[in-house]
Each structure stands twice: as C-alpha cells, then as structure tokens.
Amino acid sequence: MVCDNQGALSKILHFSTHKLRHHREPNLDLHMTQQWAIASTPYKTVWVRGHADKSKWETLSDLQEQGLSPEEIYNVWMDRIATQTRIQGGPSFSDPDVTPAEKWAPYSSHPVFHKIMGNLSISVNDALGYQEMLTFASGKHDFHPYDIDRINTNALKITLNSMKIFQRASTVKLIHGWAPTYAFLCRQGRHPSSLCPRYIYRRNE
C-alpha cells in the first residue's frame, strides 16, 4: 500500500463506521473498500515523497529514467489521474456499484444519475436543490440548461469552497452581479448617482 500522506494512510487503516455520522465523510466508500480488501490479505505500508517526478514526463519509461522507485512511479501516476479527473469535473464513471464493504450508498439523478461519494452533508443538499438552482441560474444569467451542462460546476464548487468565507462571499456576489457598486445601488434607488464620487471630482477639476 503506497501513500504520500501519513494522515490519509492512518485513516485508511484505522477508522470507525459503527456510527451514522462516520458515513458522512467524503471518500468513505473507498476507505471501507480498501480496509475490507486488506483484512484478509498480507500487506505492508510504504510512505513515499509526493510529487517525486523531477521533470515533465509522458510514459512509464520517462519516469524510470528519472530514477524513481516503483512506489514513487505509482504515486506520481495516480496523482496525474486524480488531477485529470478533477479538471474534467467528475469520476471516470458516475454510477459505480455498491461494494460488499459499503452495504448501502446514496444515488442522485441530478445533474446526471450518479453515486454520491463526497461529504453527504454537502452533496445531498446539492442534489436536492439542483433543479431549483438550475432554474434560478438560467433565469438570472439567461442560460439555457445546455449551457450549464457545459460548465464545470464541480471545479467551480471546489474553488469556492477553498476560499475563506469573506472572499467566497465577495466572489459569489461578483458572479451574480450583486457587487454594491454605485451603478447597482443607483438602480435600486439607494444612491442618487451611478457615478463614482472620485470620477465626478476629477471631471470637475
């Protein structure tokens, strides 16, 4: 078993699922399946340095020429696959089977039929409110549902969730055109002019 993160390795080997709240963690299906697979299989754990590749590469031979160990090559290759999946906005297939280790799993029909594998607290709410949010976004930004299907909303969600709360709020306001500029406040009748006072001052100089 190869891992470049000691915390992730510990979670794979030692975690509990006897309480319902544990089943809300992201990637729990993978952790349960891995733990189930190694329960009856001899194994050893190996920690490797992450991002061990020293230059650009395309093939296995390229990595071997860089002097990487088999474990480092495996880790670097998996990093590339994970990055490509994140950029594409979803897993290689959306409806994987429920494994014997899982025993149960939630599925959603929005935006396409898929197995919910992330944090249930977020993912279930996203699925339940998808149609309403689609209707709102279509009307607000004059989008056709076909246009929204072509937007990598998963990558947008990851980006917004990585921001601090105030930065995220400001970014969302900009996306929706809610930035409290004088032009916006004037249309609402909350300011007498749509022009910036500094612009008016300079114009009158």
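Can you tally the net charge around Pro180? Count Lys and Arg as +1, Asp and Glu as -1, for every other residue whose Cβ sits under 11 Å from the Cβ of Pro180. If you can, show how the numbers build up before the last one.
Values: positive: Lys173, Arg190; negative: none.
Once positives and negatives cancel, what remains is +2.
When the C-alpha to C-alpha distance is required to be over 32 Å, the pairs from Lys115/Lys140; Lys115/Lys164; Lys56/Lys103; Lys140/Lys164; Lys56/Lys115; Lys56/Lys157 that qualify are Lys56/Lys103; Lys56/Lys115.
Values quoted throughout were computed directly from the atomic coordinates according to the rules given, and no laboratory measurement underlies them. These numbers were taken from a predicted model, which means no experiment stands behind them. Because the Cβ atoms are built from the backbone with ideal geometry, glycine has one as well, and the counts that use them run over all protein chains shown.
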